[in-house]
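Q: For reference, the structure I am asking about is given below.
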Protein chains: 2
Amino acid sequence: MKKGYIQVYTGNGKGKTTAALGITLRSLCAGNKVFFGQFMKGQDYSELKAPTYFKNLTMEQFGNPAFINGKPSQDDIDRARKGLERMKEVLESAEYDMVVFDEINTTLFFHLLEVEDVMAVLDLKPEKTEVILTGRYAPQEIIDRADLVTEMKEIKHYYNAGVEARLGIEN
Amino acid sequence: MKKGYIQVYTGNGKGKTTAALGITLRSLCAGNKVFFGQFMKGQDYSELKAPTYFKNLTMEQFGNPAFINGKPSQDDIDRARKGLERMKEVLESAEYDMVVFDEINTTLFFHLLEVEDVMAVLDLKPEKTEVILTGRYAPQEIIDRADLVTEMKEIKHYYNAGVEARLGIEN
């Protein structure tokens with residue numbers, strides 16, 4: 001039986017969620033079934049249309065339409081917890097070859113979730129399932145637990161030159 | 001009119017081609033037209049099936065089925081040059097919203113192409129087109145030219161623990 005690993009994409013550079021989308025695309029093209037959960041996000045990203053192209057892909061968002069600015073609200077915390085509950089069901093179902101926890105590291109950084117609770121859900125990962133964790137500020141516990149960790153490091157970014165997020169590129 | 005930028009994904013970590021695939025998926029979901037050219041690669045990657053899901057996506061490979069091991073052959077050089085010619089046509093056609101030069105940095109590292117020739121092709125980029133360049137060892141000229149540069153840094157990799165490349169994950 002195939003063995004799935006835990007991959008982490010962290011760091012301050014661009015390409016973390018994007019890499020998760022890329023590995024999702026590759027997995028779908030190989031005929032696999034993928035669940036893509038987006039924590040912290042409730043905005044209308046282009047990628048949310050991806051399931052219309054792939055029947056094997058499920059995408060769900062667990063965040064607010066607005067970004068967290070300053071102190072997270074109780075609603076932010078409740079949504080993250082509900083999201084984690086949902087991810088627990090997803091892993092327990094053992095239905096998916098790949099499960100993405102997009103921005104999970106960021107929920108930990110903002111204390112929306114506790115790292116022990118996330119680790120307890122990761123314990124439920126079926127042997128075959130590949131798990132992808134994204135978001136800057138991955139805590140040491142997550143890094144220790146992962147099989148593969150890539151840090152995306154910003155060398156140069158046009159945001160610094162005043163470019164706004166663009167449809168089909170950043171969202 | 002929208003403005004396209006030049007993005008570079010480089011470094012020794014996993015996720016460069018994967019990020020290029022992810023941004024391709026996002027762009028396609030936004031209704032854009034994408035050309036994805038793979039230098040150095042001729043292997044049967046899962047992602048080559050992606051155009052069967054998206055009519056707006058063209059993927060072409062410009063490499064040999066075998067990886068370069070040691071000194072590149074004349075055939076490796078010829079294929080890379082043909083690939084660059086093709087990318088020139090692609091940019092000149094002004095047909096695409098996004099054009100990916102996958103592993104272009106690696107062709108420069110192996111001296112399959114000269115950096116001046118690649119820069120001359122990048123000069124043909126239509127204003128609207130987003131260009132994505134991937135591969136480790138991006139030379140300084142490419143970094144200087146790019147609007148956004150992300151370095152993928154390997155923090156931990158299961159290859160080091162003896163895991164082989166897997167279908168739908170690495171290929």
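Please treat every number below as a calculation from the coordinates, not as lab data. Everything numeric in this text was worked out from a predicted model, so none of it was measured. Virtual Cβ from ideal backbone geometry, glycine too; neighbours counted across all protein chains shown.
Q: Between B:Lys88, B:Lys156, B:Lys33, which gets the highest mean-square fluctuation from a Gaussian network model of chain B, Cα cutoff 10 Å?
A: Ranking B:Lys88, B:Lys156, B:Lys33 by mean-square fluctuation puts B:Lys156 first.
Q: Can I ask one more? Got a sec to turn the phi values of region A:61-67 into Karplus ³J(HN,Hα) couplings, 6.51 cos²θ - 1.76 cosθ + 1.60 with θ = phi - 60°, whole Hz, x for Gly and Pro?
A: Running phi through 6.51 cos²θ - 1.76 cosθ + 1.60 with θ = phi - 60° gives 10, 10, x, 8, x, 9, 5 Hz.
Q: So, by mean Cβ neighbours within 10 angstrom, what's the order for B:34-44, A:114-124 with the highest one leading?
A: B:34-44, A:114-124
Q: What are the equivalent ellipsoid semi-axes of region B:57-96, built from the alpha-carbon gyration tensor (square roots of five times its eigenvalues), in whole angstrom, biggest first? It would help to have the intermediate numbers written out before the result.
A: Values: eigenvalues 120, 25, 6 Å².
Ellipsoid semi-axes (Å, largest first): 24, 11, 5.
Q: Taking amide H positions as placed 1.01 Å from N in the peptide plane, with prolines and chain starts having none, which residues 5 or more places from B:Phe36, or on another chain, fall under 5 Å of its amide H?
A: For B:Phe36, the qualifying residues are B:Thr58, B:Met59, B:Glu60, B:Val100.
Q: Could you pull out the chymotrypsin sites (Phe, Trp or Tyr not before Pro) across region A:123-161 that fall in loop regions by DSSP (anything but H, G, I, E, B) with no more than 14 other Cβ atoms inside 10 Å? Write down the numbers at each step before the final one.
A: Working: sites: A:Tyr137, A:Tyr158, A:Tyr159; in loops: A:Tyr137.
Here the chymotrypsin sites (Phe, Trp or Tyr not before Pro) that fit, given the DSSP loop and packing criteria, are A:Tyr137.
Q: Write down Rg/Rh for the protein assembly as shown, rounded to two decimals, with Rg from the C-alpha atoms and Rh from the Kirkwood relation over Cα pairs.
A: Radius of gyration relative to Kirkwood radius: 0.96.
Q: When the helix-only estimate is applied to the protein assembly as shown (DSSP H runs of n ≥ 4, each -39,500 (n - 2.57), divided by the residue count), what is the mean residue ellipticity at 222 nm, nearest 500 deg cm²/dmol?
A: The helix-only estimate for the protein assembly as shown comes to -9500 deg cm²/dmol at 222 nm.
Q: If you count, for every residue in A:10-16, the Cβ atoms of partner chains within 10 Å of its Cβ, what is the mean?
A: 6
Q: Now for a different question. What pairs from B:Lys128/B:Lys156; B:Lys33/B:Lys71; A:Lys153/B:Lys33; A:Lys128/B:Lys71 go past 32 Å between their alpha carbons?
A: The answer is B:Lys128/B:Lys156; B:Lys33/B:Lys71; A:Lys128/B:Lys71.
Q: What percent of all Cα-Cα pairs in region B:1-93 falls into each 5 Å bin, going from 0 up to the bin containing the maximum distance?
A: Bin by bin from 0 Å, the calculated values are 3, 11, 19, 22, 23, 13, 6, 2, 1, 0.
Q: Work out from phi, with θ = phi - 60° and the Karplus expression 6.51 cos²θ - 1.76 cosθ + 1.60, the ³J(HN,Hα) of each residue of region B:27-37, listed in order in whole Hz, and give x for Gly and Pro.
A: 5, 4, 5, 7, x, 7, 10, 10, 10, 10, x
Q: Going by how many other Cβ atoms sit within 10 Å of their own, how do B:Arg145, A:Arg81 line up, fewest first?
A: Exposure proxy ranking, most exposed first: A:Arg81, B:Arg145.
Q: For region B:6-161, how big is the tail of P(r) above 25 Å, as a whole percent of Cα pairs? Walk me through the intermediate numbers first.
A: Values: 2977 of 12090 pairs.
Tail fraction, whole percent: 25.
Q: Could you give me the ³J(HN,Hα) list for region B:114-120, computed from phi with Karplus coefficients 6.51, -1.76, 1.60 and θ = phi - 60°, whole Hz, x at Gly and Pro?
A: 9, 4, 5, 5, 5, 4, 5
Q: Check which residues have an amide H placed less than 5 Å from B:His157's amide H, if you skip close sequence neighbours.
A: Placed amide hydrogens put A:Val149 under 5 Å from B:His157.
Q: Quick one: compute the contact order of chain B, relative version, from alpha carbon pairs under 8 angstrom and 6+ residues apart, as a percent.
A: So the answer I get is 37 percent.
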